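Some notes on the structure that comes next.
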């Protein structure tokens, strides 16, 4: 087993499919409205890190003033609110939804063009039966999308997918 010799040349495009509160994606939208690669602080090809997320209502959304009124103060250069050793990042107040990772694809550069889907602990097993069904559907669609790109890279160098 080796690595895909063309992997570093693949130009992935932003991809997202969401059903209900579950999504497969390889990007996020920054505060300026620009799609940014997930895990862009790590050494991955841009947009080559794919994950499955679970969205839920953000309990902090729009409540910053409430926390300030209850004794929380700015800390860490104003990036957090803090009280009694409890810190909340200020960006938590900005979006109506938050998301956490259920699974991600690993070994994207594998020469067999079949990356591994890795669960984040038991999170996918903790979903409701309906959510598990959606998770499996999106995992299949994500896997097929990724495999199509990886397999095409062997024939079409420097293409964008």
Subject >> Odd one out for residue 47 among (1) farther than 16 Å from residue 96 by Cα; (2) in the same structural domain as residue 137 (by TED's automatic domain parsing); (3) touching a strand residue (DSSP E or B) at 6+ places or on another chain (Cβ under 7 Å); (4) part of a strand (DSSP E or B) >> reply: (4)
Subject >> Conditions (1) assigned by TED's automatic domain parsing to the domain that holds residue 18; (2) surrounded by 15 or more Cβ atoms within 10 Å (Cβ to Cβ); (3) free of Cβ contacts under 8 Å to residues at least 40 places away in the same chain; number of the one not met by residue 120 >> reply: (2)
Original post:
Does residue 36 satisfy the criteria of being part of a strand (DSSP E or B), assigned by TED's automatic domain parsing to the domain that holds residue 144 and modelled with pLDDT under 95?
Top reply: yes
**OP:** Select the strands (runs of 3 or more DSSP E) contained entirely in region 63-150, then report the ones holding at least 1 residues which are within 17 Å of the chain's Cα centre (by Cα).
**Re:** 97-106, 116-119
**OP:** Any chance you could count how many residues in region 15-40 are farther than 19 Å from residue 119 by Cα and under 13 Å from the mean Cα position of the chain (by Cα)?
**Re:** 8
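The values are calculated or read from the model by the stated rules, or taken from the named source; none is laboratory data. Computed from a prediction, not measured in an experiment: that's the story for all the values here. All Cβ positions, glycine included, derive from the backbone under ideal geometry; neighbour counts span all protein chains shown.
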